[in-house]
1. Of the residues that make up the range 183-190, is at least one farther than 18 Å from Ala63 by Cα and in contact with a helix residue (DSSP H, G or I) (Cβ under 8 Å, 6 or more places away or on another chain)?
2. Grab the helices (runs of 4 or more DSSP H) fully contained in the range 1-67, keeping just those with 1 or more residues being polar (S, T, N, Q).
3. If a residue has to be touching a residue at least 40 places away in the same chain (Cβ under 8 Å), in contact with a helix residue (DSSP H, G or I) (Cβ under 7 Å, 6 or more places away or on another chain) and more than 8 Å from the ligand (Cβ to nearest atom) to count, how many in the range 221-230 make the cut?
4. For Ala279, are the conditions met, namely being within 16 Å of the ligand (Cβ to nearest atom), out of contact with any strand residue (DSSP E or B) (no Cβ under 8 Å at 6 or more places or on another chain), touching a residue at least 12 places away in the same chain (Cβ under 8 Å) and in a helix (DSSP H, G or I)?
5. Just to verify a result, which residue in the range 140-159, among those that are within 23 Å of Gly303 (Cβ to Cβ) and among the aliphatic types (A, V, I, L, M), is nearest to the chain's Cα centre (by Cα)?
6. Going residue by residue through the range 136-145, is there one that turns out to be touching an Asp or Glu at 6+ places or on another chain (Cβ under 7 Å), touching a residue at least 24 places away in the same chain (Cβ under 8 Å) and either assigned to a strand (DSSP E or B) or within 12 Å of the ligand (Cβ to nearest atom) (or both)?
7. Can you pull out the residues in the range 232-266 that are more than 15 Å from Gly81 (Cβ to Cβ) and either at pLDDT below 95 or assigned to a loop (DSSP other than H, G, I, E, B) (or both)?
8. Strands (runs of 3 or more DSSP E) wholly in the range 293-373 with at least 3 residues that are under 21 Å from Gln12 (Cα atoms) - which ones?
Amino acid sequence: MRVPPFVMERWQSTFEHRVDYNISESGVHPLMLSELLELIDLDPGDVHLEYGQSDGSDGLKAAIAGLYDGAGPENIIATTGGAEANYVVLWSLVSPGDRVVALEPTYGQTPGLARGLGADVVSWKLEEALGWQPAPGSAADVITPGTRLVVVTNPNNPTGAVLSESAMDEIVAAAAAVGAWILADEVYIGAEVTGPETPSFWGRYDRVVVSGSLSKAYALPGLRLGWITAPAAMHEEFWSRKDYTTITPATLSDVAARRVLSPEVRPRVLERTRGIIRANLPRLTGWLDDRDDLFSYRAPDAGAICYVRYALDINSSELAERLRAEKSVLLVPGDHFGMDHYLRVGFGNPAAELEEALGRVAALLEEACAAVV
Ligand SMILES: Cc1ncc(COP(=O)(O)O)c(C=O)c1O
């Protein structure tokens, strides 16, 4: 299997720890271990660093299942991040020549890996003019007979948009009409700016698989703890793949995640995330609105990311590289989502950091505009 380069992930992993200001992240600034330990009751003397239960401890599977209507531990496999969840699901479901429909722009792992597995990946567009929704009625045009899998990231990365109920209904109806699987990557659920938690695809159709994670809404990417929620009949199939990847989630992360997802702790963690998002989004949008000759955007519904279009005759990778090299600021160019003249700006950093980073972006843009004039 030859996988196409996952350009965004490599861009971030190469530079995120080597710049002064990293605004390439899609989550809020992560918790310190000390903050986590204040939130959860963890006696180190009770934590045995053995191999854990390989599909997740019973307590963790029960806690994750509690997030999904009608799910039980038999529906859950705990994984090493949402990334392993997506990997295992695609590896199981996709064979060479399969038709896979990807609702895009999206996080590049799922379409990239599907291509690597030999699938014929069809891009289905979210329309900016429709608030980053698919065109009404388009689901059935693209999810045609023979489609094996539809991959959907909801809330979306990079746009932060949440699918409307009618778009979700259309996706499910079109997939059901042809027997296609749906992989719903829902790692941003819980990180809504305002409004209720984004509804899950879980329970809408019997061929739905969901991936989730503690990395975004729970601000704990370093725990590397994710999960698959799937029909019980698929548990063995996915688990048998996981035996070949990471065997088991990190034991310490399993113990911590069980507590983070408890009814007492979960709301507090999510409130921290939403508080940061609510406080910082106006900082970013105010900055963008002050430059409305240059920028246009639709504010995100969820996640600490804003997908911004800019009106400058500079390629987005070139602009991002100049920002990195000349201003030590890292963000994600639209090229990484196959869309030039966009930038994905993360705004989950501490406020002072965000403002300093934006100041440096402004300085570079002024220089770039002066050079054009
Ligand atoms: C949509 C989406 N899915 C999965 C991941 C991977 O997340 P994790 O850290 O849980 O592996 C990311 C990370 O950015 C993401 O944006």
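The values are calculated or read from the model by the stated rules, or taken from the named source; none is laboratory data. Since this is a predicted model, take the numbers as computed values, not measurements. Backbone-built Cβ (ideal geometry, glycine too); neighbour counts: all protein chains shown.
1. yes
2. 7-15, 33-39
3. Adding up the residues that qualify gives 4.
4. Here the answer is no, as Ala279 does not meet what is asked.
5. Among those that are within 23 Å of Gly303 (Cβ to Cβ) and among the aliphatic types (A, V, I, L, M), it is Val152.
6. Looking for residues that are touching an Asp or Glu at 6+ places or on another chain (Cβ under 7 Å), touching a residue at least 24 places away in the same chain (Cβ under 8 Å) and either assigned to a strand (DSSP E or B) or within 12 Å of the ligand (Cβ to nearest atom) (or both), one finds none in the range 136-145, hence no.
7. Listed by number, the residues that qualify are Leu261, Ser262, Pro263, Glu264, Val265.
8. The strands (runs of 3 or more DSSP E) meeting that bar are 305-310, 342-346.
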